[in-house]
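Peer 1: Next up is a structure, given as structure tokens.
The values are calculated or read from the model by the stated rules, or taken from the named source; none is laboratory data. Just so you know, these numbers come straight off a predicted model, no measurement behind them. Glycine gets a Cβ as well: all are built from the backbone with ideal geometry, and neighbour counts include every protein chain shown. Please note that ligands, DNA and RNA were not included when accessible areas were found on the heavy atoms of the full protein model with its side chains. Shrake-Rupley method; radii C 1.70, N 1.55, O 1.52, S 1.80 Å.
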Amino acid sequence: AKGAGKNQYCVYSEDMGFQELRKMELEKDLYLALDNEQFYLVYQPRWNVKENGLAGWEALIRWNHPRLGVISPYEFIPIAEETGLIVPITRWTLKQASLQCREWHSRGVKQPVSVNLSVRLFQTESLQEMVQSTLKEADLDPLWMELEITESMVLHDIHEIIAQVESIRSMGVKFAMDDFGTGYSSIGLLDRIPLDTLKLDRLFTNNLEIPTKRGIISAIIMMAENLELEIVAEGVENQEHVDFLMQLGCHVMQGYYYGRPMGIEEIEEWMKQRSI
Ligand code: C2E
Ligand code: CA
Ligand code: CA
Ligand code: CA
């Protein structure tokens with residue numbers, strides 16, 4: 001038993017070493033990734049079930065690492081935040097997503113695009129300037145851009161954040177609260193930060209068979225209606241999810257059931273199949 005214990009310890013410590021090493025390597029390589037054009041965006045559709053039509057796109061970033069392959073944002077975004085690289089990366093993402101949105105518009109597919117905004121961006125003085133100049137460079141009307149923020153913002157200077165949201169919103173850019181319901185003081189934030197959309201976290205969607213969860217979602221949806229916020233359900237994976245959400249009064253959905261995050265060519269095919 002002693003031997004096995006020792007063995008286990010070794011495996012564990014080697015594993016830790018591997019994780020650390022990988023993170024260090026990713027961090028080093030992340031500095032070169034923008035210049036070497038290793039990022040690309042995929043887009044996931046937002047679907048309006050009532051109108052049976054496309055309601056927008058969310059841009060999601062991917063890193064094609066030359067040696068390690070495609071790396072999930074769950075892994076590299078935290079490193080980008082720590083190093084500050086999240087600022088130039090987000091600038092690039094805003095520009096790319098805006099250009100792509102324009103491209104779809106020019107072909108008659110007039111839908112908004114959403115971009116995820118790390119809270120770290122609010123610590124840079126020039127967020128408003130960044131959003132304004134990228135939209136201008138891409139010649140996209142701010143009305144078509146939505147920025148997704150999360151509840152983790154409450155850990156930061158909330159007054160400063162509210163001021164920045166207000167100034168960006170005054171350009172016409174929309175704001176969505178992402179992963180709503182997973183953080184804390186969710187409700188308390190709603191009357192302080194000016195928002196347009198609530199994105200219901202997929203944790204709720206995945207637990208709709210539990211009556212208490214349904215009760216909570218139903219209340220959130222009613223509250224969103226009263227606050228005149230659009231509500232989008234995340235993680236919609238099957239018809240059962242759709243039926244439950246429709247019953248509760250939510251009809252804008254995002255999830256694998258309607259479409260996975262896709263590259264541009266895949267989207268062409270996806271749109272063709274739906275006569276978009
Ligand atoms: P998120 O903003 O909550 O994005 C939704 C995530 O859920 C995406 O993961 C998407 O692929 C996944 N998803 C969508 N539909 C379903 C479904 O039906 N079932 C399940 N199980 N999952 C679904 P992804 O693309 O791996 O992104 C992970 C997270 O990384 C995002 O979560 C977002 O927080 C962050 N992220 C992605 N792109 C960016 C970016 O450009 N900037 C920043 N700051 N963060 C980003
Ligand atoms: Ca998001
Ligand atoms: Ca989300
Ligand atoms: Ca999430």
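Condition check ((1) charged (D, E, K, R); (2) assigned to a helix (DSSP H, G or I); (3) away from ligand 4 (no atom under 16 Å from the Cβ)) across all residues:
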residue: Phe76; (1), (2), (3): no, yes, no
residue: Thr90; (1), (2), (3): no, yes, yes
residue: Gln96; (1), (2), (3): no, yes, yes
residue: Gln100; (1), (2), (3): no, yes, yes
residue: Glu103; (1), (2), (3): yes, yes, yes
residue: Ser114; (1), (2), (3): no, no, no
residue: Phe122; (1), (2), (3): no, yes, yes
residue: Met130; (1), (2), (3): no, yes, yes
residue: Glu137; (1), (2), (3): yes, yes, yes
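Peer 1: In addition: On the given criteria, is Leu203 touching a Ser or Thr at 6+ places or on another chain (Cβ under 7 Å), more than 13 Å from ligand 3 (Cβ to nearest atom) and open to solvent by 20 Å² or more (accessible area, probe 1.4 Å)? Break it down stepwise before answering.
Peer 2: Details: touching a Ser or Thr at 6+ places or on another chain (Cβ under 7 Å): yes; more than 13 Å from ligand 3 (Cβ to nearest atom): no; open to solvent by 20 Å² or more (accessible area, probe 1.4 Å): yes.
It is false that Leu203 is touching a Ser or Thr at 6+ places or on another chain (Cβ under 7 Å), more than 13 Å from ligand 3 (Cβ to nearest atom) and open to solvent by 20 Å² or more (accessible area, probe 1.4 Å).
Peer 1: Let me ask something additional. Do we find that Leu143 is open to solvent by 10 Å² or more (accessible area, probe 1.4 Å), away from ligand 2 (no atom under 16 Å from the Cβ) and at pLDDT 95 or above in this structure? Walk me through it before giving the result.
Peer 2: Numbers: open to solvent by 10 Å² or more (accessible area, probe 1.4 Å): yes; away from ligand 2 (no atom under 16 Å from the Cβ): yes; at pLDDT 95 or above: yes.
Answer is yes for this residue.
Peer 1: Of all the residues that make up region 50-67, how many are open to solvent by 60 Å² or more (accessible area, probe 1.4 Å) and closer than 17 Å to Lys28 by Cβ? Steps first, please.
Peer 2: As a first pass, look at region 50-67 and keep what is open to solvent by 60 Å² or more (accessible area, probe 1.4 Å): 50-52, 64, 66-67.
In the following step, the residues that additionally are closer than 17 Å to Lys28 by Cβ were identified as 64, 66-67.
Within region 50-67, residues that are open to solvent by 60 Å² or more (accessible area, probe 1.4 Å) and closer than 17 Å to Lys28 by Cβ number 3.
Peer 1: Next question, about the same structure. Let me confirm something: among Ile276, Ile231, Ile216, which residue is over 21 Å from Gln44 (Cβ atoms) and either in contact (Cβ under 8 Å) with a residue 24 or more places away in the chain or not basic (Lys, Arg) (or both)?
Peer 2: Details: Ile276 fails: over 21 Å from Gln44 (Cβ atoms); Ile231 fails: over 21 Å from Gln44 (Cβ atoms).
Going through Ile276, Ile231, Ile216 in turn, the sole match is Ile216.
Peer 1: Still on this structure, I have one more. What are the residue pairs meeting all of these: first residue in region 187-209, first residue under 15 Å from Leu248 (Cβ atoms) and among the polar types (S, T, N, Q), second residue open to solvent by 20 Å² or more (accessible area, probe 1.4 Å) and within 16 Å of ligand 2 (Cβ to nearest atom), Cβ atoms under 7 Å, and 6 or more apart or on different chains?
Peer 2: Thr205/Glu234
Peer 1: Find all pairs meeting these conditions: Cβ atoms under 6 angstrom apart; at least six residues apart or on different chains; first residue within region 141-155 and within 10 Å of Val115 (Cβ to Cβ); second residue surrounded by 18 or more Cβ atoms within 10 Å (Cβ to Cβ) and small (Gly, Ala, Ser).
Peer 2: Glu146/Ser114; Glu146/Ala176; Glu148/Ser114; Glu148/Ala176
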